[in-house]
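Written below as structure tokens is the structure these notes are about.
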Amino acid sequence: MTNDTIKIEVDGKVLEARKGQMLIQVTDAHDIYVPRFCYHGKLSVAANCRMCLVEVEKAPKPLPACATPVMDGMKVRTRSKLALEAQKSVMEFLLINHPLDCPICDQGGECELQDLAMGYGRDVSRYQENKRVVRDKDIGPLVQTDMTRCIHCTRCVRFGEEVAGLRELGATGRGEFMEIGTFVEQSMASELSGNVIDLCPVGALTSKPFRYSARTWEMSQHPGIAPHDGIGSNIHFHVKDGRVKRVVPAENEVINEVWLSDRDRFSYEGLYSNDRLTAPMIRDDKGWREVDWETAFAMVRERLGPILKSAPASVGGVIAPTATLEEIFLFQKLLRGAGCGNIDHRLRYLDFSDQDAAPVFPWLGQSIAELEQLNCALIIGGDPRKEQPLLNHRLRKAALRGARIMMVNPASFPSNYPLAAELSAAPGGLVRAVAGICRALAELKSDTLARESWLEDVAVTDAQRRIARELANPGRGTVLLGNLAASLPDAAALRFVAGQLANLAGAAFGYLGEAANSAGAWLGGAIPQRGPGGRPASRSGMDAGAMARNGMRAFMLYQVEPEADCAAPDQWLTALRNAECVVSMNSWITDAAREYAHVLLPVGVFAETDGTFVNVAGAPQSWRAVVDPPGEARPGWKVLRVLAETLGVSGCDYETAKEVARDAAQAMAGVRPENRAAWRALVRLPAAVAGLQRITTVPMNSADALVRRAEALQQTADRADGALHLSRATAARFGVLDSGHAVVGHDGQALTLPVALDDAVGDDTVLIHGGNGLLATLGPWFGRVTLKPA
Amino acid sequence: MIEDARKTLSKHARHEIDQWLAKFPADQRRSAVLAALREVQHENGGWLSIELLDAVADYLGMPKIAVYEVATFYSMLETKPVGRHSVSVCTNISCMLRGADDIVAHIEKRLGVKTGGSTPDGRIHLKREEECLAACCGGPMMMVDHIYHENLTVDRVNAILDGLK
């Protein structure tokens, strides 16, 4: 027993507690239930609902357990006459203005107010007067308000300030007229806004997409893993009549704590979009038609079979990093079994030149929870707030503790915590900007690195020196590469320079992670040079860039929508259109697929299949299917199994997804995440690209096929808008400041697009959103562009 | 953002706010919010528009909603246009016992507006007073443009109201 530990007595039981803890924390830890509305373990103490009143010996009146620090020898009674009467009275006050609309309230059945009214309230109301009515506010497409039901616990207000870092909701007015709302009607902009639905103890804030579609007790709850960023947030599917009705977070302290990003919460809607592929389809001289599975497989055997047999090296296989580990493992096993080594998942890469030196899988370089303990972090080429919201949440916690978080980006992405430094660099100059920091740090530390040839012609600015000084401070540091960094045309050089910088700073080197299963795709062998577990592949093959550039006789695609998912969409579309045979396994059908594909095989996605995702910290997490895929669609691993059989590839005849996972796990056994081996040394830095350049970021709600079809999320601002984002200064220089629209030219192609003025975008930079198939003709996501008034 | 706020707030208002800011630690700029709103409201004919509230928020580096909360909480701050002269009758316990309710009823009738409203000609705002105005010894009382009038009678009230231009 340390001297930090004290003893208190609650309801006659002696409990150990730590000094400074609040009474409710101690009773919670010992499973003694004290009712509460405003208290929440992850939020500050407000003590404004008064529901947790308990009797404390020697105190003249009941005290709120959430705001009463424990003291040695304290004697507490949570169920005494005094405590119960106090709780009952508070309950009566809370119910005075609360409507009796439980039968039509979505919260009914999972409502804390309902439960506590049952447990602690009177069975009749003595209140005869009129109840107050509060007008509802429209706070966006995700959260529904019924503010008359609000009991003013202020959890949602505190969440905005303390967790989301964006104070959007507040308590306006006073006394009887106090209301929770935004005051000025506007949409909540936080990427974590949906969490207020879980936090709200009553039905004031509920899910808008779910509204009135099921009663809580009709649904069954099943565990799952969130399918978008690489965090692997734990979720629960709520299912009724074979349909996913909603998704809520499941608690996992080391991954998502109790939170969930809006994208992970609402993307299930994409399962029910009306462009689902529900039957196998084939294209012959009469056009597209739906067929049965046998006919579809026969067509694959007939069209793809001979090519795969006679010239396996002329077939390309691309699988999205949103596919499950089982699907990835089988996909590569099928292709490698047929003698084809052209396998890749890196749709958003433009630079593959350092792939032989790549780590087994690029990972975070630390655990997710460790991000909170950082003293210093440098984020290069990424927008973690939108791309990895819950990693950003950990970084934010570190920042509020005093950590120095810094960014180097071609555009200034709005942060929800103060940054210690922000360096803006043109996309073509990002490598040099980081090299400048590297040189400054080497000079500061008198390290021999400063004399290396690749740093020779690098100039150092004061801003870079400031960042270097921060990195030189003692404490836990990290250098993190984001999604934009991975997509750059000179990404390999950036990886090298950033790695050197991390090494020099004694900081952990990590990647923020792209898709739900990017780590699983590396580990499962969906890269040309390595098989599962990072072992050298039996036969090497072409990377995604080479496949698109060179064109292949045939392609096998898995959950890929090249027009939106690939960093070189035009090249991909051309390569696919020119191929003799394209077999696409997908959950949705697109106009582009109708043009390039010959066979479409419908597969289940997300909740419709058993699967495993490996998260950015290297943790594999599995889930079981909770609903059936629509129509004739089948889980992907089953389709791949039959496809292997059809094509005469042995060793893929698994009976269950679990067996596939077991083989994949066996292949991956013993792999330790390690980023440092990844660097391919440079002799010279790439020359900085001058002139107007395009950069591409993928808004969080346009990142993959599922979320692009989630209706409510598509009404938020975080979706690809098809506009040219550029600063006023850049716009003025090219004469498009007032033109509204401008013609952007790239690679001989031109498109007329609306101009969106945004001074956060750096000089000579045009930011265009990726994940938008309509802009596919514009060519690769990065490079020189021209601009003129429309 | 602060640039836009500079444009919206008058030079005089900014000067006043800066004087208040000097009284507080540099990392607690929000402490000046009440003084800032009072000054800005004074310059704007007695009420605060959303635009002005936003400008104060940006100027002080506060979330906008936090300024809205302050502006809607305090009864001396108005968020809708009101009449030129502010008339508030204390209706707390001492004044009530001395007939404040009759005074209120008389004023409402004479001005033709309910408490909380302004006369159509924009002359007088009959304010809803939330708190005791701390002149219990002279009740019933009312405050007209920051000036206390005590021991009110109907005639005195008429004279005071008629004197407002």
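Odds and ends about this structure:
- The set of residues in the range A:152-200 that are closer than 28 Å to B:E78 by Cα, within 14 Å of chain B (Cβ to nearest Cβ) and of a type in the set (D, E, K, R) comprises A:R158, A:E161, A:R167, A:E168, A:R174, A:E176, A:E179, A:E185.
- A:E112 vs. criteria closer than 27 Å to A:K42 by Cβ and within 14 Å of chain B (Cβ to nearest Cβ): no
- Among the residues of the range A:436-459, those that are at pLDDT below 95 and within 20 Å of A:D490 (Cα to Cα) comprise A:E452, A:S453, A:W454, A:L455, A:E456, A:D457, A:V458, A:A459.
- Odd one out for A:G287, checked against (1) at positive phi; (2) buried (at least 18 other Cβ atoms within 10 Å of the Cβ); (3) not hydrophobic (A, V, I, L, M, F, W, C): (2)
- Scanning the range A:193-239 for residues that are in a loop (DSSP other than H, G, I, E, B) and acidic (D, E) gives a single hit, A:D229.
- Whichever residue in the range A:133-172 is under 22 Å from the mean Cα position of the chain (by Cα), in a loop (DSSP other than H, G, I, E, B) and among the hydrophobic types (A, V, I, L, M, F, W, C) and, among such residues, is farthest from A:L100 (Cα to Cα): A:L166
- Of all residues in the range A:373-428, those that are in a helix (DSSP H, G or I) and modelled with pLDDT under 95 total 2.
- You will find that of A:R404, A:R348, A:R336, the residue that is touching a Cys at 6+ places or on another chain (Cβ under 6 Å) and charged (D, E, K, R) is A:R404 and no other.
- Residue that is touching a Lys or Arg at 6+ places or on another chain (Cβ under 6 Å) and either closer than 16 Å to A:N503 by Cα or surrounded by fewer than 22 Cβ atoms within 10 Å (Cβ to Cβ) (or both), where the choices are A:V434, A:V479, A:V460: A:V460
- Annotation: A:F93 fulfils all but one of (1) of a type in the set (F, W, Y); (2) within 14 Å of chain B (Cβ to nearest Cβ); (3) not in a loop (DSSP other than H, G, I, E, B); the unmet one is (2).
- Residues satisfying the stated conditions in the range A:133-147, i.e. more than 14 Å from chain B (Cβ to nearest Cβ) and over 17 Å from A:C49 (Cβ atoms): A:V133, A:R135, A:D136, A:D138, A:G140, A:P141, A:L142, A:V143, A:Q144, A:T145, A:D146
- Under the condition of being among the β-branched types (V, I, T) and either over 17 Å from A:F352 (Cα atoms) or part of a helix (DSSP H, G or I) (or both), the residues counted in the range A:488-538 number 1.
- For the criterion of being in contact with a strand residue (DSSP E or B) (Cβ under 6 Å, 6 or more places away or on another chain), farther than 27 Å from A:S415 by Cβ and either of a type in the set (S, T, Y) or crowded, with 21+ Cβ neighbours inside 10 Å (or both), A:T148 fails.
- One residue alone among A:A463, A:A442, A:A468, A:A435 is assigned to a helix (DSSP H, G or I), in contact with a strand residue (DSSP E or B) (Cβ under 9 Å, 6 or more places away or on another chain) and not acidic (D, E), and that residue is A:A463.
- The residues on offer are A:T206, A:T278, and the sole one that is surrounded by fewer than 24 Cβ atoms within 10 Å (Cβ to Cβ), within 24 Å of A:P103 (Cα to Cα) and touching a residue at least 24 places away in the same chain (Cβ under 8 Å) is A:T206.
- Residues of the range B:21-53 that turn out to be within 21 Å of B:T72 (Cβ to Cβ) and either in the same structural domain as B:H125 (by TED's automatic domain parsing) or part of a helix (DSSP H, G or I) (or both), as a count: 19
- Selection status of B:K114, away from chain A (no Cβ under 14 Å), assigned to a helix (DSSP H, G or I) and either surrounded by fewer than 22 Cβ atoms within 10 Å (Cβ to Cβ) or among the charged types (D, E, K, R) (or both): no
- Residues located in the range B:62-94, provided they are buried (at least 22 other Cβ atoms within 10 Å of the Cβ), aliphatic (A, V, I, L, M) and more than 14 Å from every other protein chain (Cβ to nearest Cβ): B:V87, B:V89
- Among the residues listed as A:E327, A:E294, A:E302, the single one being in contact with a Gly (Cβ under 8 Å, 6 or more places away or on another chain) and in a helix (DSSP H, G or I): A:E327
- The range B:136-145 - residue that is farther than 11 Å from B:V87 by Cβ and of a type outside the set (A, V, I, L, M, F, W, C) and, of those, farthest from the other protein chains (Cβ to nearest Cβ): B:G138
- Test: residue in the range A:603-615 that is among the hydrophobic types (A, V, I, L, M, F, W, C), without any contact (Cβ under 8 Å) to a residue 24 or more places away in the chain and crowded, with 18+ Cβ neighbours inside 10 Å: no
- One residue stands out in the range A:308-340 among those that are surrounded by fewer than 21 Cβ atoms within 10 Å (Cβ to Cβ) and either of a type in the set (S, T, N, Q) or out of contact with any helix residue (DSSP H, G or I) (no Cβ under 6 Å at 6 or more places or on another chain) (or both): the one that is nearest to A:G770 (Cα to Cα), namely A:S314.
- A search for C-beta distances below 6 Å between a residue of the range B:118-135 that is more than 16 Å from B:G46 (Cα to Cα) and within 14 Å of chain A (Cβ to nearest Cβ) and any residue that is surrounded by 14 or more Cβ atoms within 10 Å (Cβ to Cβ) and modelled with pLDDT of 95 or more, counting only pairs 6+ apart in sequence or on different chains, returns nothing.
Yes or no, residue by residue, for (1) under 27 Å from A:G745 (Cβ atoms); (2) hydroxyl-bearing (S, T, Y):
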position: A:E563; (1), (2): yes, no
position: A:A568; (1), (2): yes, no
position: A:C581; (1), (2): no, no
position: A:A593; (1), (2): no, no
position: A:Y596; (1), (2): yes, yes
position: A:P602; (1), (2): no, no
position: A:G618; (1), (2): no, no
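- Among the residues examined, B:D4 does not qualify as among the acidic types (D, E), over 28 Å from A:G160 (Cβ atoms) and loosely packed, with under 14 Cβ neighbours inside 10 Å.
- Scan of the range A:240-254 for residues that are surrounded by 12 or more Cβ atoms within 10 Å (Cβ to Cβ) and without any contact (Cβ under 8 Å) to a residue 60 or more places away in the chain, ordered by number: A:K240, A:K245, A:R246, A:V247, A:V248, A:P249, A:A250, A:N252
The values are calculated or read from the model by the stated rules, or taken from the named source; none is laboratory data. Here the structure is a predicted model, which means the values were calculated and not measured. Because the Cβ atoms are built from the backbone with ideal geometry, glycine has one as well, and the counts that use them run over all protein chains shown.
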